[in-house]
Amino acid sequence: MRKYFLVSYLLMLVLQILICNYLQVSPYITLSILPAMVLMLPIRYGTIVAMILAFLSGLSIDFLAEGLTGINSLAIVPVALLRTPILRMVFGSAIFSRREDISIRRHGLIKMATAITLAQSLFLILYIWADTSGTRPFTFCLLRFILSLIPGVLLSLPISNILSSDGRDL
């Protein structure tokens, strides 16, 4: 387990706040590394701890970056709730029996990208649903989802490497 995980996590939280405040490319793109941050929480953290950390992280982003309070929290807590099933589905249940944290080096880029894509998809569906509240057409929401998913996954892969227990090796 990485010694300074909490410091790295807090730095990534600051990075997410900076992305939200200064990197608003288009109304079609929502960049978020928050789902990758929640996925990379150590396996020893249970679902309740992950949900609490996700809620606090989302709330801090809502207060310090986004204009709509609660939208990130609303979208990230279900990701934390489904973190264990996502990890079991992609990496298998052996990581839980061995208490092995996930990383690109140990499990491969394809598996990590798949897990991040699932978490990012869930986050974006809930975020876009809450943000548009039925006021935008489905085509706008679908385009926003697709245009946000691709850069979000690409941005989250290096973040997951930084937060992994062997992130310096890759």
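Taken together, the values in this text are just the output of simple stated rules run on the coordinates, not laboratory data. Note that this is a predicted model, so its numbers are computed, not measured. Here the Cβ positions follow ideal geometry from the backbone for every residue, glycine too, while neighbour counts run over all protein chains shown.
If the requirement is being more than 15 Å from I19 (Cβ to Cβ), in a helix (DSSP H, G or I) and over 14 Å from the mean Cα position of the chain (by Cα), which of these qualifies: L149, L126, L143, L87?
Testing whether each residue is more than 15 Å from I19 (Cβ to Cβ), in a helix (DSSP H, G or I) and over 14 Å from the mean Cα position of the chain (by Cα) leaves just L143.
Selection of first residues in the range 89-114 that are among the polar types (S, T, N, Q) and of second residues that are part of a helix (DSSP H, G or I) and buried (at least 18 other Cβ atoms within 10 Å of the Cβ), restricted to Cβ pairs under 8 Å at least 6 apart or on distinct chains, gives the following pairs, ordered by first then second residue: S103/M112; S103/S160; S103/N161; S103/G167; T114/V90. When L11, L23 are screened for being closer than 21 Å to F145 by Cα and without any contact (Cβ under 8 Å) to a residue 12 or more places away in the chain, only L23 passes.
Taking the criterion of being within 20 Å of L23 (Cα to Cα) and either over 19 Å from the mean Cα position of the chain (by Cα) or part of a helix (DSSP H, G or I) (or both), would at least one residue in the range 100-120 satisfy it? Yes. Among the residues of the range 1-32, the ones that are in contact with a helix residue (DSSP H, G or I) (Cβ under 9 Å, 6 or more places away or on another chain) and either under 22 Å from L142 (Cβ atoms) or among the basic types (K, R) (or both) come to 9 in all. Of all residues in the range 53-84 being surrounded by fewer than 14 Cβ atoms within 10 Å (Cβ to Cβ) and assigned to a helix (DSSP H, G or I), which is nearest to the chain's Cα centre (by Cα)? That would be L56. Within the bounds of the range 52-69, is there any residue that is more than 19 Å from A130 (Cα to Cα) and in contact (Cβ under 8 Å) with a residue 12 or more places away in the chain? Yes, that holds for at least one residue.
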